[in-house]
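A.B. asks: Supplied in structure tokens, the structure appears directly below.
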Amino acid sequence: MTEHGIMTEHGNPAEHVDVLIVGAGPTGLALGIDLARRGVDALVVERGPGLSPGSRGKGIQPRTMEVFDDLGVLDAILAAGGDYPVGMIWQDGERVAEQNMFDPAETNEDSPYGAPWMVPQWRTQEILRARLDELGGRVSFGREVTGLTQDEDGVTVAFASGAPARARYAVAADGGRSVIRRGLGIGMTGDTVDPNPILVADTRITGLDRDNWHIFPPHGAEGFLAICPLAGTEDFQVVAQILDDTAPDLSLDGVRKIVAARSHLAPEDITELRWASDFRPRAALADRFRQGRVFLAGDAAHVHSPAGGQGLNTSVQDAYNLGWKLGAVLRGEAPASLLDTYEEERLPNAAEMLGLSTKVHRGEARRGEATRQLGIGYRESGLTEETRAPGEGIRAGDRAPNRTVAGVRLLDAFRGPHWTLLALGTEAPAIGDSDALRVVEGPAAETYGTGLFLVRPDGYVGWAGDAEEGLAKYTERFNLGRPTGS
């Protein structure tokens, strides 16, 4: 018998970790990276034999690019992808109009990543996996979860084969059909966004340029067809709506027939089928994001229409929000009650992004400022303390934008698992000694103005004030203090 009373059927003790992450998609891998750099013993388990294939969520939004910058993968993401092309509408084999797929966005110092960046999801996962390996993190494949139990001390997860695992906390990042969520009895509320099946496939195509996102509007009994060149690859992503409510043929011949029937391309122009899947667009939100020591993240917590590119990005934000909180609790730097703020902060934001995805899918909203996710914030959170009189500019709970302060680029200062105290136009107070806090002092900065801004590890302002009164009490909640150098 182990200290937790968990044994395998052969008498061998279960594997022990601090955090067990179920699912090696972008959510689970991003969380694994964040925990690994905090020294947390985390294990990512995946039921498949390897990382999942397919382009799937191919759009990386500007806010997620800031997150990837912090996690140390942005250079690889930039090298692997490219800008989205202009849409080209076809009719009867002729180009008839161009269409901007996204509202124009300008980069500026506040948000240096202005527009979405295209990277096929399989490549994003490879980059995240490589970073996790670099940090000493672990992924174990072929681990299909069959059950989960929890008690006051931790969580025990059973697998179809092999020994169970014992963790202080578990995170379900196992997708929209989450075994963990269903096992916990947590329901999902939502509806079908589009009753028609959608086919999505990664293909090789000849006779079609890679300078445009090719759009073939619905015609007669046929649904829409869109063919997008996948940046950084030789592939095209084919997306086709199936109007007759039959399961689409996912074979090469099936994809060829659909493309040939809806475009000027001949069947033989589709030279290779690399991956294919089908789904019915829906929007659904889990009733809760936490039950005891188990958390839901990513598609296990919210399922989006792919329109607008919000699913993967919202999922990475879940991981980024949860990672620093688990790290602080496990290291004894914060009380376990900090974990209550994960659901408090992420559930309403996920609900908002779900609504936006649905509106984009139905043509009721553009792919614009809101889809870039730079405006997401936590002003109503229990972690947010704004001590100043109401006013304009950055407030506690807002994303901390980039600026250059006394020669320091703030996104560079924020990079890492620490908190950051910005003292702008005022002197930074002495609040003890800690490696968990970096101080940046300088003149008042545009967007921020004058004051003290305590920026959380996930890049949001936790506390803001004109003077230091109340700051020490806030920092005591997280065992923060003055760093060894600014």
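The values are calculated or read from the model by the stated rules, or taken from the named source; none is laboratory data. Everything quoted here is computed from the prediction, not taken from an experiment. Glycine gets a Cβ as well: all are built from the backbone with ideal geometry, and neighbour counts include every protein chain shown. Surface accessibility is based on the protein's heavy atoms, side chains included, excluding ligands, DNA and RNA. Shrake-Rupley method; radii C 1.70, N 1.55, O 1.52, S 1.80 Å.
A.B. asks: Pairing the Cα long axis of helix 62-71 with the longest principal axis of the chain, what angle in degrees results, from 0 to 90 and rounded to the nearest 10?
C.D. replies: 60 degrees
A.B. asks: Now a separate question. Treating only the Cα positions of region 199-262 as identical point scatterers, give the base-10 log of I(q)/I(0) from the Debye formula at each q in 0.25 Å⁻¹.
C.D. replies: Rounded to two decimals, the profile gives -1.14.
A.B. asks: Ignoring ligands, DNA and RNA, what accessible area per residue does the chain give at 1.4 Å, in Å²? Before the final figure, lay out the partial values.
C.D. replies: On the way: 19940 Å² over 486 residues.
Per-residue accessible area for the chain comes out at 41 Å².
A.B. asks: Non-local amide H neighbours of Val193 (under 5 Å, H modeled in plane, Pro and chain starts lacking H): which ones?
C.D. replies: It is Arg282, Ala283, by chain and number.
A.B. asks: Sort 33-44, 111-122, 178-189 by packing, meaning the average of other beta carbons within 10 Å per residue, with the highest value first.
C.D. replies: 33-44, 111-122, 178-189
A.B. asks: Please state the shape class of region 63-128: rounded when a/c is under 1.5, otherwise prolate if a/b exceeds b/c and oblate if not, all from the C-alpha gyration tensor.
C.D. replies: The shape class here is oblate.
A.B. asks: Now for a separate question. Please give the charge dipole size of region 147-229, origin at the Cα centre, charges +1 on K and R Cβ atoms and -1 on D and E Cβ atoms. Round to the nearest 20 debye.
C.D. replies: Details: 7 positive and 10 negative charges, 54 e Å.
Around 260 debye, computed over region 147-229.
A.B. asks: Cα axis of helix 121-134 to longest principal axis of the chain: angle in degrees, 0 to 90, nearest 10?
C.D. replies: It is inclined by approximately 30 degrees.
A.B. asks: Please work out the FRET efficiency for the pair Lys257 and Asn108, using the Cβ-Cβ distance as r and a Förster radius of 51 Å; give the result to the nearest 0.05. Walk me through the numbers before you get to the answer.
C.D. replies: Numbers: r = 47 Å, r/R0 = 0.92.
It comes out at approximately 0.60.
A.B. asks: Okay, next question. Suppose the Debye formula is applied to equal point scatterers at every Cα of region 132-266; what is log10 I(q)/I(0) at q = 0.15, 0.19, 0.22 Å⁻¹?
C.D. replies: With one equal scatterer per Cα and no solvent, log10 I(q)/I(0) is -0.89, -1.03, -1.23.
A.B. asks: Specify which residue in the list Asn313, Gly142, Met353 is farthest towards the positive end of the charge dipole of the chain, using unit charges on the beta carbon of Lys, Arg (+1) and Asp, Glu (-1), about the Cα centre.
C.D. replies: Gly142
A.B. asks: If you count the DSSP beta bridges with both ends in region 371-486, what percent of them are antiparallel, to the nearest 5? Numbers along the way, then the final one.
C.D. replies: Working: 13 of 22 bridges.
In region 371-486, DSSP labels about 60 percent of beta bridges as antiparallel.
A.B. asks: Is the chain rounded, prolate or oblate when judged by the Cα gyration tensor, a ≥ b ≥ c being the square roots of its eigenvalues, rounded requiring a/c under 1.5 and prolate requiring a/b larger than b/c?
C.D. replies: Numbers: a/c = 2.14, a/b = 1.32, b/c = 1.62.
In terms of gyration-tensor shape, oblate.
A.B. asks: Would you pull out the residues with amide H under 5 Å of Val439's amide H, same chain only if 5 or more places away, H placed 1.01 Å from N?
C.D. replies: Leu421
A.B. asks: Once both labels are modelled 7 Å past Cα along the beta-carbon direction, what's the Asp249-Arg177 spacing in nm?
C.D. replies: 2.4 nm
A.B. asks: Under 5 Å between amide hydrogens, which residues at least 5 positions from Gly54 or on another chain qualify, with H placed 1.01 Å from N in the peptide plane?
C.D. replies: Trp122
A.B. asks: Using the Cα centre as the reference, give the magnitude of the dipole from point charges on the C-beta atoms of region 63-108 (Lys, Arg: +1; Asp, Glu: -1; all else neutral), rounded to the nearest 20 debye.
C.D. replies: On the way: 2 positive and 10 negative charges, 22 e Å.
Result for region 63-108 is approximately 100 debye, rounded to the nearest 20.
A.B. asks: Ok, one more. Kindly provide the helix-only [θ] at 222 nm of the chain, computed as the sum of -39,500 (n - 2.57) over DSSP H runs of four or more divided by all residues, to the nearest 500 deg cm²/dmol? Spell out each step's value before the answer.
C.D. replies: Values: 10 runs with 112 residues, N = 486.
That calculation yields -7000 deg cm²/dmol at 222 nm.
A.B. asks: If each residue of separation counts as 0.36 nm, what is the full-extension length gain between Asp75 and Asp412 once their alpha-carbon separation is subtracted? Intermediate results must be reported in sequence, preceding the final value.
C.D. replies: Working: separation 337, 0.36 × 337 = 121.32 nm, distance 1.37 nm.
Contour length minus the Cα-Cα distance gives 119.9 nm.
A.B. asks: What order do you get for 233-243, 165-175, 332-342 when each peptide is scored by the mean count of other beta carbon atoms within 10 Å, highest first? Please list the in-between numbers first.
C.D. replies: Working: 233-243: 19.6, 165-175: 26.0, 332-342: 14.7.
Packing proxy ranking, top to bottom: 165-175, 233-243, 332-342.
A.B. asks: Among DSSP beta bridges lying fully in the chain, give the percent that are antiparallel, nearest 5. Walk me through the intermediate numbers first.
C.D. replies: Values: 62 of 93 bridges.
Antiparallel: roughly 65 percent of the beta bridges in the chain.
A.B. asks: Here's another thing I want to ask about it. Where both residues lie in region 82-236, what percent of DSSP beta bridges are antiparallel, nearest 5? List each step's numbers first, then the result.
C.D. replies: Details: 20 of 24 bridges.
Antiparallel bridges make up about 85 percent of those DSSP assigns within region 82-236.
A.B. asks: Here's a follow-up. In debye, nearest 20, what is the charge dipole magnitude of the chain about its Cα centre with +1 on Lys and Arg Cβ and -1 on Asp and Glu Cβ, if you could check? All intermediate terms of the calculation are to be shown ahead of the outcome.
C.D. replies: Details: 48 positive and 70 negative charges, 114 e Å.
My answer is approximately 540 debye.
A.B. asks: Apply 1/(1 + (r/R0)^6) to the Cβ-Cβ distance of Ser381 and Phe279, taking R0 = 35 Å, and write down the FRET efficiency to the nearest 0.05. Don't jump to the answer; show the numbers that get you there.
C.D. replies: On the way: r = 33 Å, r/R0 = 0.94.
Working from the Cβ atoms, E equals 0.60.
A.B. asks: Right, here's the next one. Would you please give the FRET efficiency between Glu476 and Asn100, computed as 1/(1 + (r/R0)^6) with r the Cβ-Cβ distance and R0 = 45 Å, to the nearest 0.05?
C.D. replies: Numbers: r = 50 Å, r/R0 = 1.11.
So the FRET efficiency works out to roughly 0.35.
A.B. asks: How many percent of the accessible area of the chain is carbon or sulfur, using a 1.4 Å probe?
C.D. replies: On the way: 9240 of 19940 Å².
Accessible surface attributable to carbon and sulfur in the chain totals 46 percent.
A.B. asks: Rank Pro53, Ala445, Ile205 by how far each Cα sits towards the positive end of the charge dipole of the chain (+1 on Lys, Arg Cβ; -1 on Asp, Glu Cβ) and give me just the farthest.
C.D. replies: Of the candidates, Pro53 comes out farthest on the positive side.
A.B. asks: If you take the square roots of the eigenvalues of the alpha-carbon gyration tensor of region 40-83 and sort them as a ≥ b ≥ c, do you get rounded (a/c under 1.5), prolate (a/b over b/c) or oblate? Write out the running numbers ahead of the final one.
C.D. replies: Values: a/c = 2.41, a/b = 1.32, b/c = 1.83.
Oblate, because a/c is 1.5 or more while a/b does not exceed b/c.
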